[in-house]
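In what follows, a structure is listed as structure tokens, so that the remarks can point back to it.
The values are calculated or read from the model by the stated rules, or taken from the named source; none is laboratory data. Predicted, not measured: the structure shown is a model, and the values here were computed from it. Cβ placement follows ideal geometry from the backbone for every residue including glycine, while neighbour counts extend to all protein chains displayed. Keep in mind that these areas ignore ligands, DNA and RNA; they rest on the heavy atoms of the full protein, side chains included. Shrake-Rupley method; radii C 1.70, N 1.55, O 1.52, S 1.80 Å.
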Amino acid sequence: MVREIKTVLAVATLAVAFGLHSPAQAQESSAKALETGTFHGKVHSTSGRATIYQKEDGSLLLRLTNFKTSNGPDVHVILIAASDANDDANFLKSNTERVELGKLKGNEGDQNYVIPKGTDLSKFQTVSIYCERFNANFGAAPLEKF
Amino acid sequence: MMDSHSNSGRSRWKWLLIAVGIPVLIGAWWAFRPEKLWINKQVNEPAPFASTTDPQPLYTGLLEGEAHKTSGRATIYKTADGKEYLRLTNFSTSNGPDVHVLLARSDDENLKQEIVKGQLDSIELGPLKGNQGDQNYDLPASVDVQKYNAAVIFCERFHAVFGVARLEQF
């Protein structure tokens, strides 16, 4: 009887161990690139690539690579419901829909931003480096299917 | 008497100037943060995938073609063992005789014409496998992709450029 209980416990321990192990493996597997595009921006020279990845759990992530823009105050990364954007100040009309992805982490280098759940990528087609304070677009990357 | 009055007036002006000037300067500094023109903030976050056994995209670009409507994406991948290949995705072009896939220089004037007059400086990747659908083409070893940075769909028989994708770093 005791032996049986021990066996059951051992099997249960193994099951728990495997159960805990599998999510770690899922994290290691690769994310899939869905869309990509390159930045253009002349007023505040902006360059590099923006790519949207989908992870195994379905969550979306924006990654900037070879990225460079001018440093500035209160700069944010946003997705806008437009097929592209010009460098103009005041480019965002009050009715332009946007999704906030957070403050720009650095004006140079590779960086990741979480895209909120339920964001419709067929609608929000352009990444903008956006200076909130002056309503200025530092650079925009129109995204195309990868 | 007059002197001391004008002195105190001047000093009042001085204090007023300081009382107004300093907040204005601080406000202007806060708004424009001019020091950021010289100060960079460098970050370096890892890619969202840990596995490096999958082929990694190196260069990518969209295919464009006027004469023979060509669309899709061309991407150069590098495998874990160092081999490179070109992959076409969402690809569509018109069918034609003797159509090949080439790498050429994106600044080549010949690519701006629909028909190439002389010899196109290019690297042959093979005959086009299909005019629609996803397909892979191995790159010969030691191709300088920095130099041959455009994927070209090219009709050898008529020297016609069906489509060009200018490849940019992924």
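General observations
- The lone criterion from (1) part of a strand (DSSP E or B); (2) modelled with pLDDT of 95 or more; (3) of a type outside the set (A, V, I, L, M) left unmet by residue A:138 is number (2).
- The set of residues in region B:12-65 that are β-branched (Val, Ile, Thr) and in a helix (DSSP H, G or I) comprises B:18, B:20, B:22, B:24, B:26.
- Qualifying residue in region B:116-124 (condition: open to solvent by 10 Å² or more (accessible area, probe 1.4 Å), of a type in the set (Gly, Ala, Ser) and outside any loop (DSSP other than H, G, I, E, B)): yes
- From the options B:90, B:131, B:149, B:136, residue that is modelled with pLDDT of 90 or more and on the phi > 0 side of the Ramachandran plot: B:90
- The combined condition, being open to solvent by less than 60 Å² (accessible area, probe 1.4 Å) and away from every other protein chain (no Cβ under 14 Å), is fulfilled by residue B:94.
- Pair list, Cβ < 9 Å and 6+ apart or interchain, from region B:77-92 residues that are farther than 19 Å from residue B:169 by Cβ to residues that are surrounded by fewer than 16 Cβ atoms within 10 Å (Cβ to Cβ) and among the β-branched types (Val, Ile, Thr): B:80/B:52; B:80/B:53
- Leading residue by the ranking (most open to solvent (accessible area, probe 1.4 Å)) among those in region A:104-129 that are assigned to a strand (DSSP E or B) and among the hydrophobic types (A, V, I, L, M, F, W, C): A:114
- Pick from region B:49-80, criterion open to solvent by 60 Å² or more (accessible area, probe 1.4 Å) and at pLDDT 90 or above, ranking: farthest from the other protein chains (Cβ to nearest Cβ): B:78
- Scanning region B:134-170 for residues that are open to solvent by 60 Å² or more (accessible area, probe 1.4 Å) and among the hydrophobic types (A, V, I, L, M, F, W, C), we see that the one that is nearest to the other protein chains (Cβ to nearest Cβ) is B:141.
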